[in-house]
Amino acid sequence: MAELTLGNVTKRFDDVVAVDDVSIEIDDGEFLVLVGPSGCGKSTTLRMIAGLETISDGRIAIDGDVVNDAPAQQRDIAMVFQSYALYPHMTVRENMRFGLEESTTLEKAEMDSRVEDAAETLEIDDLLERKPGELSGGQQQRVALGRAIVRDPAVFLMDEPLSNLDAKLRSGMRTELQRLQEELGVTTVYVTHDQTEAMTMSDRIAILDGGELQQVATPLECYHRPTNRFVAGFIGEPSMNFFDVSLEDGRLVDSDIEFEYPLSSVVRDSVGETTELVLGIRPEDVELLDARETAHDFPVVVDVVEPMGNENNLLVRFPDTDTESTFNVIVDGMCHVEAGKRYVIRIPESAIHVFDRETGAALHNREIEDETELLASRV
Amino acid sequence: MATADGTGRSVGDRIAEHRAELDTQRVVLYAVLVGLVGFYLSPLWAGLTTAFKSQAGFINTSPLEPPTPAWFTVEPWELAFATLQGGLVNSVMFVVPATILSALFGSFAAYGLTKLSWRGQVGILVIFLAGVFLPYQSVLVPLRQFWSIVDLAGLLAFAPVLANRADLLELTITHTAYGIPICTILFRSYYKTLGDEMIEAAKIDGANAFGIYKRIVLPLSLPMFAVTLIYQFTQVWNDLLFALVLVTSRSNYVVTQSLNELQGSMAQEYNIQMAGAFIAALPTIIIYIVFGRQFAKGITGAS
């Protein structure tokens with residue numbers, strides 16, 4: 001168990017900057033998820049922590065000891081790979097014992113009892129004498145986890161460990177991994193491109209894009225208080241709707257579609273002098289009405305209705321626009337909506353986000369009651 | 001049977017017709033295959049029958065005829081074995097170490113060239129590749145000169161047992177060196193298919209470069225060892241050129257040289273020569289049988 005510090009970590013491959021000045025403090029026992037689109041530098045960051053890539057600049061410290069120059073063998077970490085990377089010629093027992101044999105001087109009996117304990121925790125104790133080739137994907141996954149647990153390392157690193165499992169197994173493993181990490185209390189860095197995994201498993205999420213750290217925060221903070229447009233769009237499924245607008249006389253205006261959205265003074269103050277803006281609203285915050293009542297209500301045409309059972313996922317657009325410019329609205333599953341008909345939507349001012357169009361920075365985020373309580377909690 | 005189409009033929013007729021067609025095809029196919037088998041086996045067969053005939057039998061019968069009791073004899077085998085005996089022992093003494101060493105060093109080199117990272121790998125690899133294409137004939141003279149300068153027998157003078165066998169030691173070292181490039185290339189292509197993540201997992205598990213080789217890479221390369229062992233053994237065992245250049249004393253003659261001795265100066269005793277050829281070829285066949293299963297795995301890339 002240990003704290004893990006990344007200080008201004010940078011990785012350059014020749015001319016390409018893969019990871020750019022990333023700084024994160026990870027507390028003892030914390031579950032941090034590194035998330036981002038492919039090529040964002042999340043795996044490279046993990047590999048630098050593991051010691052599988054050199055660090056071009058900055059420092060990585062485990063419990064205060066800088067490990068920049070320590071080889072992977074000496075870092076007291078364990079890693080679970082996407083491909084599981086089991087040793088095919090060894091039995092499950094030998095796979096799990098390998099790390100102990102190579103990195104400790106334990107007695108043979110002690111090694112065996114540790115392997116058996118870990119195997120019991122993961123419910124693979126009946127597979128100990130089998131070889132990886134005879135196991136299913138889910139079982140191999142457990143062996144890979146077992147191999148990491150047995151070592152009792154300071155830090156766990158996981159590189160998309162669930163992405164090779166089918167959907168059902170994945171959600172089960174997600175819960176189990178979380179439970180396991182809580183039980184063991186080992187500092188964990190988990191890499192994924194799947195924002196559901198990031199939201200559900202992590203204590204905190206670190207979002208990377210183009211090698212740069214966008215935000216490090218609790219899942220709900222990232223969801224409700226994104227620091228920029230990228231985070232707002234990346235977290236949440238379906239993702240947040242964005243409209244390019246400009247600020248004119250205290251209203252957000254899109255002259256092409258005669259869209260006018262009056263702002264209250266609170267929002268206007270936080271927006272300040274910037275005029276080129278992006279209005280953001282999450283699909284589930286849009287309300288569907290029968291008739292216009294306020295200045296925040298707009299007529300729309302429903303293009304597609306995707307019934308999910310618990311909710312209806314609507315693709316709607318403003319009248320007189322082409323089908324390219326649809327956006328998402330989620331309404332209750334009991335609400336009957338017909339495709340092709342006209343409705344009115346309300347974009348509540350309490351739920352809007354406003355971003356600077358040029359820099360992408362969030363100028364205003366939605367209002368939340370009981371803010372501190374909600375944002376600190378884990379889903 | 002009811003007719004199924006307008007032609008009025010029953011289903012049964014059409015099946016029979018189809019079968020007749022199929023049968024003709026098969027008959028032709030098997031005839032060709034049997035012909036090919038005969039074609040390829042006839043020299044072996046002729047050799048085998050000849051080896052069991054007396055000299056008179058060889059002269060009076062066709063080589064393909066099996067030996068009749070009148071002409072049958074195992075004498076050629078006894079005579080051939082008596083001549084080849086020493087060569088067989090000498091050959092085993094240098095072929096086995098040369099084969100194992102070149103496979104082992106090839107495996108080391110390939111591991112270093114694929115799974116470890118260091119500067120200048122490409123340059124080294126190019127040298128290995130060039131080594132594969134170096135013709136034997138082009139190195140004969142420098143090779144002889146090199147071993148004359150080294151004077152292995154002189155260096156080993158303190159141990160007469162070894163000094164007497166200096167020729168064979170020279171052959172061992174020469175064949176090992178000559179075999180390393182091809183073994184390296186073979187192992188390299190195999191190691192490239194081994195997962196990098198597995199090697200990285202072993203690193204994180206605390207194993208150093210040698211530990212990873214010994215416990216992960218080596219056990220997984222057994223099929224490729226079978227391929228290189230069979231290939232190298234056959235190559236080195238059958239070589240005559242290096243032996244002619246390097247082996248000077250008659251007591252160190254290797255099997256290919258002894259086989260050459262069976263060629264009489266006056267009369268050609270084909271029966272003895274044939275028996276000798278079979279005896280000389282036997283070890284390579286045994287190696288194929290012993291490592292055959294692993295060999296097939298290595299060639300198909302299954303593990």
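The values are calculated or read from the model by the stated rules, or taken from the named source; none is laboratory data. Only a predicted model underlies this, so the values are computations on that prediction, with no experimental measurement involved. Positions of Cβ are backbone-derived with ideal geometry, glycine not excepted, and every protein chain shown enters the neighbour counts. SASA here: full protein model, heavy atoms, side chains in, ligands and nucleic acids out. Shrake-Rupley method; radii C 1.70, N 1.55, O 1.52, S 1.80 Å.
Quick check: is even one residue across segment B:221-241 in contact with an Asp or Glu (Cβ under 8 Å, 6 or more places away or on another chain) and modelled with pLDDT of 90 or more?
no
Please work out if A:Ala70 is free of Cβ contacts under 8 Å to residues at least 24 places away in the same chain, within 14 Å of chain B (Cβ to nearest Cβ) and among the small types (Gly, Ala, Ser).
Against the criterion (free of Cβ contacts under 8 Å to residues at least 24 places away in the same chain, within 14 Å of chain B (Cβ to nearest Cβ) and among the small types (Gly, Ala, Ser)), A:Ala70 qualifies.
Take the residues of segment A:144-160 that are within 12 Å of chain B (Cβ to nearest Cβ) and in a loop (DSSP other than H, G, I, E, B): which is least open to solvent (accessible area, probe 1.4 Å)?
Looking at the filtered set, the residue picked out is A:Pro153.
Can you name the condition, by its number, that B:Ala70 falls short on among (1) at pLDDT below 90; (2) of a type in the set (Gly, Ala, Ser); (3) surrounded by 14 or more Cβ atoms within 10 Å (Cβ to Cβ)?
(3)
Could you grab me the full set of residues in segment A:28-61 that are more than 14 Å from chain B (Cβ to nearest Cβ), among the charged types (D, E, K, R) and in contact with a Lys or Arg (Cβ under 9 Å, 6 or more places away or on another chain)?
A:Glu30, A:Asp57
Mind checking which residues of segment A:38-53 are within 17 Å of B:Ile199 (Cβ to Cβ) and either of a type in the set (S, T, N, Q) or not assigned by TED's automatic domain parsing to the domain that holds A:Gly210 (or both)?
Within segment A:38-53, A:Ser43 is the sole residue that qualifies.
Are any of the residues in segment B:120-136 assigned to a helix (DSSP H, G or I), open to solvent by 70 Å² or more (accessible area, probe 1.4 Å), closer than 24 Å to B:Asn238 by Cβ and free of Cβ contacts under 8 Å to residues at least 60 places away in the same chain?
yes
Mind checking which residues of segment A:308-352 are open to solvent by 20 Å² or more (accessible area, probe 1.4 Å) and either β-branched (Val, Ile, Thr) or not assigned by TED's automatic domain parsing to the domain that holds A:Glu260 (or both)?
A:Thr321, A:Thr323, A:Thr326, A:Ile330
Return the residue satisfying two criteria in turn: it lies in segment A:76-100 and is part of a strand (DSSP E or B) and open to solvent by less than 10 Å² (accessible area, probe 1.4 Å), and of such residues it is farthest from the other protein chains (Cβ to nearest Cβ).
A:Val80
Take the residues in segment B:193-209 that are open to solvent by 20 Å² or more (accessible area, probe 1.4 Å) and at the interface with another protein chain (Cβ under 7 Å from one of its Cβ atoms); name whichever of them is modelled with the lowest pLDDT.
Checking each candidate, the answer is B:Gly195.
Identify, please: which residue in segment A:266-286 is over 13 Å from A:Arg251 (Cα atoms) and part of a helix (DSSP H, G or I) and is, among those, modelled with the lowest pLDDT?
Step by step, filter segment A:266-286, then rank; the result is A:Ser270.
Run down A:Ala295, A:Ala291 and say which single residue is part of a loop (DSSP other than H, G, I, E, B), touching a residue at least 24 places away in the same chain (Cβ under 8 Å) and surrounded by 11 or more Cβ atoms within 10 Å (Cβ to Cβ).
Checking each option against the conditions leaves just A:Ala295.
Do any residues in segment B:156-176 that are more than 10 Å from B:Val95 (Cα to Cα) have Cβ atoms under 6 Å from those of residues that are exposed (fewer than 15 other Cβ atoms within 10 Å of the Cβ), where the two are at least six apart or on different chains, and which pairs are they?
B:Ala163/B:Ala157
For segment B:9-29, indicate whether the set of residues that are at pLDDT 90 or above, in a loop (DSSP other than H, G, I, E, B), surrounded by 10 or more Cβ atoms within 10 Å (Cβ to Cβ) and not assigned by TED's automatic domain parsing to the domain that holds B:Glu170 is non-empty.
So far as segment B:9-29 goes, no, none of its residues is at pLDDT 90 or above, in a loop (DSSP other than H, G, I, E, B), surrounded by 10 or more Cβ atoms within 10 Å (Cβ to Cβ) and not assigned by TED's automatic domain parsing to the domain that holds B:Glu170.
I'm told A:Cys40 meets every condition in (1) outside any helix (DSSP H, G or I); (2) modelled with pLDDT of 95 or more; (3) open to solvent by less than 20 Å² (accessible area, probe 1.4 Å); (4) within 14 Å of A:Ala206 (Cα to Cα) except one. Can you identify the failing condition by its number?
(2)
So, of the residues in segment B:196-220 that are without any contact (Cβ under 8 Å) to a residue 24 or more places away in the chain and among the β-branched types (Val, Ile, Thr), which turns out to be farthest from A:Gln73 (Cα to Cα)?
Filtering first and then ranking leaves B:Ile216.
With more than 30 Å from A:Met334 (Cα to Cα), buried (at least 19 other Cβ atoms within 10 Å of the Cβ) and among the hydrophobic types (A, V, I, L, M, F, W, C) as the only criterion, which of A:Val286, A:Val278, A:Val253, A:Val302 stands out?
Result of the check over A:Val286, A:Val278, A:Val253, A:Val302: A:Val278.
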